[in-house]
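Written below as C-alpha cells is the structure these notes are about.
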Amino acid sequence: MGVALDSSVDPPGNDKQRFTNARQAPQSAIDMEFLAAPIKSAKDKFALVPEFLKVRGLVKQHLDSFNYFVNTGIKKIVRANNRIESEIDPTIYLEFKDIYVDKASVMSMGKTDDISPNTCRLSDMTYAAPIKVDIVYIRGSHDRKEKVERKGVTIGRMPIMLQSCCCTLLGKNEAELAKLGECPLDPGGYFIIKGNEKVLLMQEQLSKNRIIIDMDKKGNFNASVTSSSERIKSKTVIQMENQRIYLILNQFAKKIPIMVVMKALGMTSDQEVVQMVGRDPRYGALLMPSLEDCAKEGIYTQEQALDYLESKLKRFNFSGSSSEKDSARVMKLLRDVFLANVMCQNDFRPKCVYVAVMLRRIMDAVLNKDAMDDKDYVGNKRIELSGQLISLLFEDLFKTMITDIKKIGDNILSKRSRSSAFDFAQQLTSDRITNGLERTLSTGNFNIKRFKMDSKGMSQVLFRLSYIGCLGHMTRVKPQFEKTRKVSGPRALQPSQWGMLCPCDTPEGEQCGLVKNLSLMAHVTTDEEEGPLMSLCKCLGIEGLEILSAEEVHSPYSFLVFFNGNILGKHKKPHHFANALRKLRRAGKIGEFVSVFVNEKQRSVYIASDGGRVCRPLVIADKGVPRVKEHHMQELKDGSPRNTYQCAMGKQAMGNIAYNQLQRMDMLYLLVYPQRPLLTTKTIELVGFDKLGAGQNATVAVMSYSGYDIEDAIVMNKASLDRGFGRCILMKKFSGTLQKYENDARDRIARPYRDGTDAGRMRALDNDGLAAPGEIIRNNDILMNKQVPQVTRGPQISPSQLNIPYGNAPVSYKGPHGESCVVDKVTLSSDKHNNLCSKFLIRHTRRPEVGDKFSSRHGQKGVCGTIVQQEDFPFSERGICPDLIMNPHGFPSRMTVGKMIELLGSKAGVSCGRFHYGSAFGEPSGHADKVEDISETLVRMGFSYDGKDLIYSGITGCPLQAYIFMGPIYYQKLKHMVLDKMHARGSGPRVSLTRQPTEGKARNGGLRVGEMERDCLIAYGASMLLYERLMLSSDPFEVHVCKECGLLGYYSHKLKTGICSSCKTGDKMYTAKMPYACKLLIQELQSMNIVPRIKPEELEKE
C-alpha cells in the first residue's frame, strides 16, 4: 500500500540489522525514526497474517456463535418465558431466575464425572453438559402452600461444541491435549453425537430487516422487507404494478392500495405523504395514480381506511361478533405484523416514515434501474451459524416443555381427590430437551413448526478423510436455493466476494457455485447488544424522527441514519458522524465488527451490528500510507498452530489426518510414509498443513514411455513401490453390541469352535470369543462369536435359568476377496444403556497397483498405467532413476505452468537443502522464489538452468535424443483404488419386484447394459448378443397370451392349461417369452385402466 510512495528502499540486510538493533538496544538508544516509519513492502506486512489468525482462527465464527448462545442467547430465551402459572390456581407458579450451561460431564453410578471428547468418540456417547436453572416456585395446594427456592436444577443436557467455553479442552496446551487424546491442530467447532463427529453447516440467508428492491417476472418493481423480531417473523412487500403502488401481506386476501395503508396508519393528508416521499415533481407524478385510486374508493379518514382493510382480511372461522374481532385484528396486524421490525405501540409515525423510504426507493429504481439491489451481493446476505440454529431449536423445545408442564399441572390441580401436594419442580427433570437436541443434531432434520422451519441435512458427519478436507467442511456455506434450480445468478462469482469467499473451492456439477467456502481470513460476526450503540449514536448528534416534520425527512442537507435496518433519525454531518464512529471502533470503545457505511446515492448512513455478516481484515491507510509502523510489527507475538485453511486439492488425498489418528476408531485412509512438500507456500505453513502431509515428493520424468501413459496415465517404477512409495493403510471399523431384552434375557459371547465346519472362520478368535489383535483375518471370517436368545418376550427370566435356547448371530468381517487383513485394535466399552459394545479396527496395507489414482497439486489426476522394473526405466547421467513417468501431452492444453515451476523449485530445493516458496503471484511481493533465482541455483549446483537432464534408455543403454525435463513433484495418492471398485459376477441375487439382477458392488450386482450400450449393439447389428444381454441373462419370463383378446392370462395347475382372465377360457391360449419387467409394465398399465393388447396374427402374416 505504501510502497509506491517510498522511493528510497534500503537493502533487505540493512533492514534486518536495524530491526535487530532496535529490539536489543537499551531504551535511550532506540531509533525512534525507524520505529515510526511506515512498513514498505507486502513481505514485511505478512507478519500481520499469522497474528490475525491467532486471534481469529478459521472456525472462530462457529465458536463465537455457540459461546454467544450459551452465555447470552439462552438467558434471553428464558427471560422472555420465565414464568409457568397454573390456570386453575394462579397463586401456584414456577419462575426461572437464571439459566446456565455447566462444564461437559457425565453421570455414572450416581456421581458426576468430567468427560473428554475422545472418550465419547470411543464409547459412542454424546459430548454434552447439563443445563441448570435457578428457580422459585410455590409447592403444595389448597391452604398449605410454601415458597421454595432451588439452585442448579438440571432440565436437560446440551451437546457441547469442541473448544467452546464449556469444553474441557479450552485453554489446554499441547501436552495437556495429548494426555486427553486430542490433536493440538484440531480446530474444534463441531459436536460429538452418539460417537459421531457432527458439524452444523453455515446457512446462507437473505438479510433480515433490510429493504431489498428488485423486479419480478412480470416486470413489476418490488420493495420487500423480511422482518424478524423476538416475537414474530413476517414479510412485507410493496409493489408497483401498472403505475399503481400496492401492499402485499399474507393476512390480506388481495393487494391493498398503499395510500389506504398510509391513511390507516394515521397519515390522512395526501400532501404530507408527498412531502415525506420527497419534493421532486417526478415522485409526485409517480404517486399521483395511487392518490387518485384512494380518492375513487372514497377513503379520506383513518376510520374509513380501517373499515376497508377489515373487508380485505382473510376470513377465519370466528364465532360471535366478528366485527369487533376484525377491527381489533387490523390494528394488531398493523402494529405487530406489518413491518414487524419497526416497533411501535399506538403511534404509527415510525412505520409511516419507513413506508415513505420504501416508496422513494421504488421510485428511484423506476427512474434509474441502477438503484435496484442485487440479491447475490454479499452485503445483502447473512450467514446463519450453529449458535443461531441451536438457539431456535432450544427455544422451541423450552417453550414446548413449559406448555407440557403447565398442562400436567392443571390436570393434577383440577382433581380434587388428590392425596399428595403438587410440586412443579418434579416435572422439570424429563428428557424432552436432551432427546430433542440430540435427535435433531444426529439426523440433521430441523423440523420446527413454531418457526415454520423444515430443513434437512443441516448437520453432517465431519469429513475425516484428510486434514484439509476436515477444515474445508468446517468453513462450508450451505445455499438457500435448491440445487436443482437452473439459475445462473446465485452461482456466479460476485466481485463483492473478494477476500470473503473462496473463488476456487466449490463442487462440480449441480451444486456448482451454490456451495461456497469462507476464505482464509474471513470472519462471520455474532450479534451485539443494540441498546448502548443506539444511545451512543443519539449522543453523536442524531435527531430523532419524533421531532422531524414530513418535509424534513428527506431534506437535502441531512442524511437518514439506519441501524440494523431500522431508522434511528437524521444527521446533518454524515461524514463527520461516520468518522467519529470509526475512531471509537478503532479505539476499542465499541465492537470491532460494527459496520459504518455512508451511501451518497440514497443519502443514508447504514450502521450494522447484527450477526451473520461476513467480514475481512484491512490495513488502514492515510493517503496511501499504511498506519502499520515498525513498532507495531515488533509488538507481535509468535504464531499459533491453530490457523486453519482448506484447499480443494487435498480433500481426497491420503495422508495424516491428526496427531491422534492411531487412537481413533474410525474408517481411515493413511499414507505410510507421508512427506512435507519441497515447494511450499505461505498459506500451507499458516494452516499447519505442512505438519500433516498428504503426499510424497516423487522424482518425475516428463516423457513418453511404453504407450501405457496416454490420457494422463502414469508409468511407475517397481523399485520405488518396493521402497514404500504410495503405500497406504486402510482402517475399517466393525462393531457388535450385547443387548438386554424386555424379559431380562441377554446376548452372550460363546467360545469359538476349534473343530467342525465353522472352525476355519473362527481362526482369528481368542478363547473369549473375540478376535485377538494381530491376527490375520480374511473375508467372511468371524470377529465376535455372538449368540442371541431365541425368546426375547414374555415372562421375566431369572438368573438361574441358564438353559434357555440361543441362536448364532456372529459379527463377520466383510472385505475384498483374496486379501489378508490384520486385526489392529479391539476396544470394549459400555453404551448409555449399559450394554457391552465391542469395536474392531481392521488394518489393510495396500501398495499401488495398476488403476490406482494419483494426482499432483495442480489438478492433473491420472491412474497408474503400468508398473515397470527399475532395470528397464530410463536414468540420468548421475544415475538418478525417476519414480514415475508422466506424458508431456498433459501440459499444453491444461496450461499448468505451476507444475513446471514446482519441478524447478523442488529440484533447486533438493540440491541446495532449502525449502522453496511457490505462492501464486507472490514473486513481486517477495512471497515466492523467482524462476530466475531458481535457475541460478540449479546452474550453481551443476544442473541445466531449465531443469532438463541427459537421460539414458534403460532398455538399450543409449542416450535419448532429447533432453528430458526431470525433477521432484509432490504427488498425492487419492482414495479411489481399484481394489474397492473392481467387480464382476456371473449369476447372483435378483430384485424380487422386477426379477432383474441387483445393482452395485455391495449387493453383488450385475453390470448394466444401459441405453447407450444398447444403441451401440444395434448399430453393430449384434442382435443375438442384444437378445442374450437384455433378456436371457436378465429376466426371461414365459407368459400366457389370449389370441382372441390379446390380454395376459395365467396357468391353471388344475386344468394343466393356460386360462384367459377376460374370456374365461383356455381354447385360444399360446405362450410367449418376454422380459419379466415388460410383463410387469403391462400389468401396471392395466391397473390404471390402460389396456395394452398383444396381437400375434400380425407377426404370423409377416
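The values are calculated or read from the model by the stated rules, or taken from the named source; none is laboratory data. Since we're looking at a predicted model, the values are computed, not measured. A quick note on method: Cβ atoms are made from the backbone with ideal geometry, for glycine too, and the neighbour counts reach across all protein chains shown.
Couple of notes before you dig in:
- All strands (runs of 3 or more DSSP E) inside the stretch 195-236 with 2 or more residues being free of Cβ contacts under 8 Å to residues at least 24 places away in the same chain and either outside the structural domain of residue 480 (by TED's automatic domain parsing) or under 24 Å from residue 458 (Cα atoms) (or both): 221-228
Conditions (1) of a type in the set (Gly, Ala, Ser); (2) surrounded by 15 or more Cβ atoms within 10 Å (Cβ to Cβ), marked per residue:
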{"position": "60", "(1), (2)": "no, yes"}
{"position": "79", "(1), (2)": "no, no"}
{"position": "90", "(1), (2)": "no, no"}
{"position": "99", "(1), (2)": "no, yes"}
{"position": "105", "(1), (2)": "yes, yes"}
{"position": "108", "(1), (2)": "yes, no"}
{"position": "117", "(1), (2)": "no, yes"}
{"position": "123", "(1), (2)": "yes, yes"}
{"position": "159", "(1), (2)": "no, yes"}
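- Scope the stretch 195-211; condition of a type in the set (Val, Ile, Thr) and more than 30 Å from residue 831 (Cβ to Cβ); matching residues: 211
- Qualifying residue in the stretch 890-912 (condition: assigned by TED's automatic domain parsing to the domain that holds residue 707, assigned to a loop (DSSP other than H, G, I, E, B) and farther than 22 Å from residue 709 by Cα): no
- Of the strands (runs of 3 or more DSSP E) lying entirely inside the stretch 394-480, those containing at least 3 residues that are assigned by TED's automatic domain parsing to the domain that holds residue 654, at pLDDT 90 or above and at negative phi are 459-461.
- Taken together, the residues in the stretch 989-1010 that are assigned to a loop (DSSP other than H, G, I, E, B) and within 21 Å of residue 1078 (Cα to Cα) amount to 13.
- The one condition from (1) in contact with an Asp or Glu (Cβ under 8 Å, 6 or more places away or on another chain); (2) of a type in the set (A, V, I, L, M); (3) free of Cβ contacts under 8 Å to residues at least 12 places away in the same chain that residue 964 does not meet is (3).
- For the residues 119, 72, 126, the requirement of being within 26 Å of the chain's Cα centre (by Cα), of a type in the set (Val, Ile, Thr), within 21 Å of residue 182 (Cα to Cα) and in a helix (DSSP H, G or I) singles out 119.
- Only a single item in (1) touching a Cys at 6+ places or on another chain (Cβ under 7 Å); (2) at pLDDT below 85 is not met by residue 525, and it is number (2).
- A count restricted to the stretch 1005-1064 and to residues that are in contact (Cβ under 8 Å) with a residue 40 or more places away in the chain and polar (S, T, N, Q) stands at 1.
- The listed residues are 44, 15, and the only one of them that is farther than 30 Å from residue 612 by Cβ and at pLDDT below 60 turns out to be 15.
- Output for the stretch 487-497, where each listed residue is free of Cβ contacts under 8 Å to residues at least 40 places away in the same chain and either in a loop (DSSP other than H, G, I, E, B) or of a type in the set (Val, Ile, Thr) (or both): 487, 488, 491, 493
- The single condition among (1) closer than 21 Å to residue 1011 by Cβ; (2) touching a Leu at 6+ places or on another chain (Cβ under 8 Å); (3) not assigned by TED's automatic domain parsing to the domain that holds residue 1009 that residue 1060 does not satisfy is (1).
- Any chance residue 921 is within 15 Å of residue 898 (Cα to Cα) and either surrounded by fewer than 18 Cβ atoms within 10 Å (Cβ to Cβ) or at pLDDT below 90 (or both): yes
- Matching option when the condition is surrounded by fewer than 19 Cβ atoms within 10 Å (Cβ to Cβ) and of a type outside the set (Phe, Trp, Tyr), among 523, 576, 571: 576
- Restricting 50, 90, 117 to residues that are modelled with pLDDT under 85, of a type outside the set (Gly, Ala, Ser) and more than 30 Å from residue 409 (Cβ to Cβ) narrows the list to 50.
- Tallying residues that are without any contact (Cβ under 8 Å) to a residue 40 or more places away in the chain and on the phi > 0 side of the Ramachandran plot within the stretch 742-765 yields 1.
- Some residue of the stretch 479-489 being surrounded by 14 or more Cβ atoms within 10 Å (Cβ to Cβ), under 14 Å from the mean Cα position of the chain (by Cα) and within 22 Å of residue 60 (Cα to Cα): yes
- Residue that is surrounded by the fewest Cβ atoms within 10 Å (Cβ to Cβ), among those in the stretch 235-260 that are touching a Ser or Thr at 6+ places or on another chain (Cβ under 7 Å) and farther than 12 Å from residue 334 by Cα: 235
- Among residues of the stretch 776-811, those that are within 44 Å of the chain's Cα centre (by Cα) and either surrounded by 16 or more Cβ atoms within 10 Å (Cβ to Cβ) or among the β-branched types (Val, Ile, Thr) (or both), counted: 15
- None of 329, 349 is among the basic types (Lys, Arg) and at pLDDT below 85 except 329.
- Helices (runs of 4 or more DSSP H) fully within the stretch 505-624 counting 2 or more residues that are farther than 30 Å from residue 267 by Cβ: 530-539, 574-586
- Conditions (1) among the aliphatic types (A, V, I, L, M); (2) under 35 Å from the mean Cα position of the chain (by Cα); (3) at pLDDT 90 or above; number of the one not met by residue 620: (3)
- Residue 934 meets all of the listed conditions (1) in a loop (DSSP other than H, G, I, E, B); (2) within 19 Å of residue 700 (Cα to Cα) but one, namely (1).
- Qualifying position, being surrounded by fewer than 19 Cβ atoms within 10 Å (Cβ to Cβ), touching a strand residue (DSSP E or B) at 6+ places or on another chain (Cβ under 7 Å) and either without any contact (Cβ under 8 Å) to a residue 60 or more places away in the chain or of a type outside the set (D, E, K, R) (or both), among 905, 954: 954
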